[in-house]
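The values are calculated or read from the model by the stated rules, or taken from the named source; none is laboratory data. Here the structure is a predicted model, which is why all the values come from computation and not from measurement. Heads up, the Cβs are rebuilt from the backbone with ideal geometry, glycines too, and the neighbour counts pull from every protein chain shown.
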Amino acid sequence: MKFSPYMLNATQAAKFEKADQLQLAATFWRQASAVAVKPINQNWAEVRADRCDKSRTLDARSDAWAKKAKERQQRAEVTKANKRTAEALSKHINKTTSGEASA
């Protein structure tokens with residue numbers, strides 16, 4: 001059985017989507033859209049290509065957000081540690097300057 005150019009491209013696109021290779025999937029969906037004879041197939045391929053693009057960029061943005069969140073958490077931990085050190089130092093200074101430590 002001979003498949004149409006649309007079907008060949010759509011099949012490849014679906015395989016790449018399942019393999020989570022969304023950039024390649026989007027490319028094949030666009031090719032399928034370009035060779036589609038029926039408007040419904042053309043529309044379907046365009047929608048799938050857009051979905052692949054959006055999913056791919058969402059993954060990238062999510063990774064970037066997670067990295068920034070981790071960096072913020074690390075800075076917050078350093079700030080807390082610095083604050084505890086400053087408080088301990090302040091207590092120590094207050095003790096030594098008030099004469100409590102001279103025993």
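Quick look at the values:
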{"item": "Residue check for Q42: of a type outside the set (S, T, Y) and closer than 15 Å to P5 by Cα", "result": "yes"}
{"item": "Any chance R56 is modelled with pLDDT under 90, touching a helix residue (DSSP H, G or I) at 6+ places or on another chain (Cβ under 8 Å) and either under 30 Å from A26 (Cβ atoms) or of a type outside the set (D, E, K, R) (or both)", "result": "yes"}
{"item": "Of residues in the range 20-70 being under 25 Å from the mean Cα position of the chain (by Cα) and of a type in the set (S, T, Y), the one farthest from N9 (Cα to Cα)", "result": "S62"}
